[in-house]
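Notes for the one structure printed next.
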Amino acid sequence: MISLTHYLILSAILFTIGVTGVLMRRNVIIILLSVELMLTAVNLNFVAFSHYVNNPVGQVFVFFVMTVAAAETALGLAIVIALFRNLETVNVDEINQMKG
Amino acid sequence: MGLYDFMFYYLAAVAVITALLAVSRPNPVHAVLFLVPCFFHVAGIFVLLQAEFLAVIQILVPAGALMVLYLFVVFLFNLHEIKGTRATHRQAALAGIVAAAIVILLVVLAVNSLFPVPFPEQAQGMAADNTAAVGGELFTKFLFPFELASLVLLAVMFGAMVLARREDSE
């Protein structure tokens, strides 16, 4: 029988995969993808609890999280484009100066 | 094992495997393409949790629009120089330890939590019409945050255009 704990564990695993991607990868695009994965894991928690307490407010919150995720992606990718145009690199360990 | 259990384990396994592949592939195009089936299977899990509206949104927005945006940006770059170099950061070993600690902590917390094992019976209420329930909450109790979200998206649209604009086009 599938319980809330199953969903919490799945969400924890997905979140940790996202954390690993953020900490391990050098490519800033894959780091943004990993942040997206972490937000998805959090959404999964919200939906599971919304189902558990039988209240749709949790799903409304997921709606707002998705809005913020879309905003984060658009702005992050715009910054990556500006960064690549100035420094010719997308690796985070080579981006080590404030001056372009 | 019933159909519900089987579907949960199938969707969870595929979501985890594709997520692992997405963060471990050296090629960013492969990473983006592996994240699309991952988001599709998370949408399937939303259906299992009777959140049909969010399942459709999950396919349309993160798996559809955002992944297309990522692909466009990846194609914009010259990837030849990125190939051949190592894909992981210097701090990868430390990052692995931190990630293992986080997953152990979260799983222990989830297993030892006080939530009773089965889901309560979902006969009435939100199970009847999920979209109407979510929309009813969104346009009454959460109307102000909803309008604020549209303002955020407007600001992001102008911000992204200003940030990605070429400097020499003045």
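In this structure, does B:A133 turn out to be within 23 Å of the chain's Cα centre (by Cα), farther than 28 Å from B:L69 by Cα and modelled with pLDDT under 90?
Working: within 23 Å of the chain's Cα centre (by Cα): yes; farther than 28 Å from B:L69 by Cα: yes; modelled with pLDDT under 90: yes.
Answer is yes for this residue.
Keeping to segment B:1-53, report how many residues are farther than 30 Å from A:V90 by Cβ, loosely packed, with under 15 Cβ neighbours inside 10 Å and in contact (Cβ under 8 Å) with a residue 40 or more places away in the chain.
Summing the residues that are farther than 30 Å from A:V90 by Cβ, loosely packed, with under 15 Cβ neighbours inside 10 Å and in contact (Cβ under 8 Å) with a residue 40 or more places away in the chain in segment B:1-53 gives 1.
In this structure, does B:I45 turn out to be assigned to a helix (DSSP H, G or I), under 30 Å from B:T88 (Cα atoms) and at pLDDT 90 or above?
When the stated conditions are applied, B:I45 does not pass them.
Checking B:L60 against (1) more than 7 Å from chain A (Cβ to nearest Cβ); (2) at positive phi, only one condition comes out false. Which one?
Condition not satisfied by B:L60: (2).
What is the one condition in (1) in a helix (DSSP H, G or I); (2) more than 7 Å from chain B (Cβ to nearest Cβ) that A:A74 does not satisfy?
Unmet condition: (2).
Could you check, for segment A:10-26, whether at least one of its residues is free of Cβ contacts under 8 Å to residues at least 40 places away in the same chain, crowded, with 18+ Cβ neighbours inside 10 Å and over 25 Å from B:A93 (Cβ atoms)?
Yes, segment A:10-26 has at least one match.
Residues that are within 29 Å of B:L11 (Cα to Cα) and of a type in the set (S, T, N, Q): does segment A:71-93 have at least one?
Yes, because at least one residue in segment A:71-93 is within 29 Å of B:L11 (Cα to Cα) and of a type in the set (S, T, N, Q).
The values are calculated or read from the model by the stated rules, or taken from the named source; none is laboratory data. Predicted, not measured: the structure shown is a model, and the values here were computed from it. Note that we place each Cβ from the backbone using ideal geometry, even for glycine, and neighbour counts take in every protein chain shown.
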